[in-house]
Amino acid sequence: MLETTADYLRQNLQQQVAYCVESHEVLHVKQEKGESFVVLGVEDWQAIEETLFLNRIPGLVDSIHQAHQDVLEKGDIAEALN
């Protein structure tokens, strides 16, 4: 995660936002007074929202972990699926 100040962000907004969007980096902005905040691209935010949504489905995360473990144990995706 990159860090900057609100003053620097204000002076270099276009450049900083373009970098965040292109690199998929999160920019942590510290304000002199008040709460800090983050800047991230909409594509990255949508991925976070999707992950949060999928984590609400009962048993899905456990199922994914089990499938991953099966692949590791069997060493072959085709075998693990059977």
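The values are calculated or read from the model by the stated rules, or taken from the named source; none is laboratory data. This is a predicted model, so every value here is computed, not measured. Please note that ligands, DNA and RNA were not included when accessible areas were found on the heavy atoms of the full protein model with its side chains. Shrake-Rupley method; radii C 1.70, N 1.55, O 1.52, S 1.80 Å.
Pulled fully out, how much extra length does the chain show between K74 and E49, if you take 0.36 nm times their separation in residues and subtract their Cα-Cα distance?
Result for the pair: 5.8 nm of gain on full extension.
For the chain, what is the mean residue ellipticity at 222 nm derived from helices alone (per DSSP H run of n ≥ 4: -39500 (n - 2.57); sum divided by total residues; nearest 500 deg cm²/dmol)?
Rounded to the nearest 500, it is -18500 deg cm²/dmol.
Could you do me a favour and compute the accessible area per residue for the chain, 1.4 Å probe, result in Å²?
Heavy-atom SASA per residue in the chain reads 82 Å².
Could you give the length gained by full extension between T5 and E32, i.e. 0.36 nm per residue of separation minus their alpha carbon distance, to one decimal place?
8.9 nm
Return the long-range amide H neighbours of V26 (sequence gap of 5 or more, or a different chain), with a cut-off of under 5 Å between placed amide H atoms.
Answer set, sorted by chain and number: L2.
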